[in-house]
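Written below as structure tokens is the structure these notes are about.
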Amino acid sequence: MSQTSYLEKYGTVAGAPWQEGKAPIVRFITDDHKVIGVMFGHITRTYEDQVSQYLMVSSPAGVVVIRGPGVSDYHEKLAQGIADLVEANGKEITSVLYYPPAYGESDEELDEKIAEEG
């Protein structure tokens, strides 16, 4: 079973799925103007480094790294479920980078390999 990321499914530009506001989608506008949308409930993990001023947001769609002195405020809004858009503004948020997921072998394929070797 292959996974399809939101980026693959809906593309990389701001379109109807990200602008209608009908689903709890968090939109990240990257430094290269791509729009990465993640359903709020699909965020699996966040990690904030207050010293280096960055926030990593992980989901099945990949990892978004947000940098700037305002990441703590944004992280708090995200935790409360009231953040729906983040983009670099040169002040509070200086950079938004996206790293797509590395798709490899599925868990089922790995299980089969382990059973054959074991």
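The values are calculated or read from the model by the stated rules, or taken from the named source; none is laboratory data. It should be emphasised that the depicted structure is a prediction, and the values quoted were computed from it without experimental measurement. Every residue, glycine as well, gets a Cβ built from its backbone with ideal geometry; the counts of neighbours run over all protein chains shown. To get the accessible areas, we keep the full protein, side chains included, count just its heavy atoms, and leave off ligands, DNA and RNA. Shrake-Rupley method; radii C 1.70, N 1.55, O 1.52, S 1.80 Å.
Stretching the chain fully between Ser95 and Ile82 yields a gain of 2.6 nm (0.36 nm per residue, less the alpha carbon separation). For Asp31, the accessible area of its heavy atoms, probed at 1.4 Å with every protein chain present, is near 70 square angstrom.
Amide hydrogen proximity for Ile25: with H placed 1.01 Å from N in the peptide plane, the residues at 5 or more positions away or on another chain lying under 5 Å are Phe40. Near Asp31, once Lys and Arg are set to +1 and Asp and Glu to -1 for all other residues with Cβ below 13 Å from its Cβ, the sum equals 0. The order of Tyr98, Tyr47 by accessible area, most exposed first and with a 1.4 Å probe, is Tyr47, Tyr98. With the whole protein complex present, Thr94 retains an accessible surface near 70 Å², based on a 1.4 Å probe. Residues Ser72, Ser59, ordered by accessible area of protein heavy atoms at a 1.4 angstrom probe radius and largest first, appear as Ser72, Ser59.
Close amide-amide hydrogen proximity is noted between Ile43 and no other residue 5 or more places distant or on a separate chain, at a cut-off under 5 Å (H modeled in the peptide plane; Pro and chain starts excluded).
What does the charge count around Ser72 come to, taking other residues whose C-beta lies under 13 Å from its C-beta (Lys +1, Arg +1, Asp -1, Glu -1)?
Details: positive: Arg67, Lys77; negative: Glu48, Asp49, Asp73, Glu76, Glu92.
In short, -3.
Ordered from highest to lowest accessible area with the whole protein assembly present and a 1.4 Å probe, Arg27, Arg67 read as Arg67, Arg27.
Rolling a 1.4 Å probe over the protein chains gives Lys34 an accessible area of about 80 Å².
Across region 42-58, coupling constants 3J(HN,Hα) worked out from phi with the 6.51/-1.76/1.60 Karplus curve, θ = phi - 60°, read 9, 5, 8, 6, 10, 9, 10, 10, 6, 5, 7, 6, 9, 10, 9, 10, 9 Hz, and Gly and Pro carry x.
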